[in-house]
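Remarks on the structure that follows.
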Amino acid sequence: MKTQYYTSTSLDGFLATEDDSLEWLFPLGNLSNSSYPEFISRVGALAMGSATYEWMARNAETVAAETGSPWPYAQATWVFSSRTLPTIGGADVRFVNGDVRTVHSEMRVVAGDANIWIVGGGDLAGQFHDAGLLDEIIVQIGSATLGKGKPLFPRRVLSPRLRLVSVHQMGTGMAELRYEINKEGA
């Protein structure tokens, strides 16, 4: 079982625009032609930041057009937020606040032998990294630049901590990089 940060970023390192839009991403490729179908089949629980969750709630029609459902996850999802957020019909969502270590323990129980996916955002993934819980970063880099926005991973992590294990071209719009987190000597 791994805790994985699986995400997409612009070439200049942003997950979303400064107003949390992901519209830049959709023209770059098709989910079914990526590693996503295999990846999601191995996921037993999700962690999501409030901005990502709110974007999904606001853009339910776009999400449904891309994935076939306004809430495309069958797995239990923990949404980290200090605010009260709206619910999305049919979603197994648990709103939480506080230390990621405590929540990670709950997620492990629910996920069983399956992986935990840190959906986003970058700071939430960074909190899992800081706690020593992140095992892998899988990032799909899109052929677009945003100039500014929400950063991919707002932490300084230097080599040899990140170990590149694979590079895969996905059509003409995306490349996927997989990194293992080297926890020795951390």
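Derivation of every value follows stated rules applied to the coordinates shown; laboratory data play no part. All values derive from a computational prediction rather than experimental measurement. Don't worry about glycine lacking a Cβ; one is built from the backbone with ideal geometry, like all the others, and counts go over all protein chains shown.
Observations on the structure shown:
- Additional length obtainable on full extension of the chain from F95 to F26, 0.36 nm per residue less Cα span: 22.1 nm
- Candidate values (1) 11.7; (2) 10.2; (3) 20.7 were compared with mean projected area of the Cα convex hull in nm² computed on the shown model; the agreeing label is (2).
- Amide H contacts for W78 (H built 1.01 Å from N in the peptide plane; partners 5 or more residues away or on another chain; cut-off under 5 Å): L46, A47, M48, R94.
- Between T3 and I116, D135, E136, the built amide H atoms are under 5 Å apart, and every one of these is 5 or more places off in sequence or on another chain.
- Long-range amide H partners of M170 with built H, under 5 Å: A175, E176
- Backbone N under 14 Å from the T172 label point (7 Å along Cα→Cβ), restricted to segment 1-39: 28-29
- Derived scalar couplings between HN and Hα for segment 138-147 equal 10, 10, 9, 9, x, 7, 8, 10, 10, x Hz in order, rounded to whole Hz, by the Karplus curve 6.51 cos²θ - 1.76 cosθ + 1.60 (θ = phi - 60°), x for Gly and Pro.
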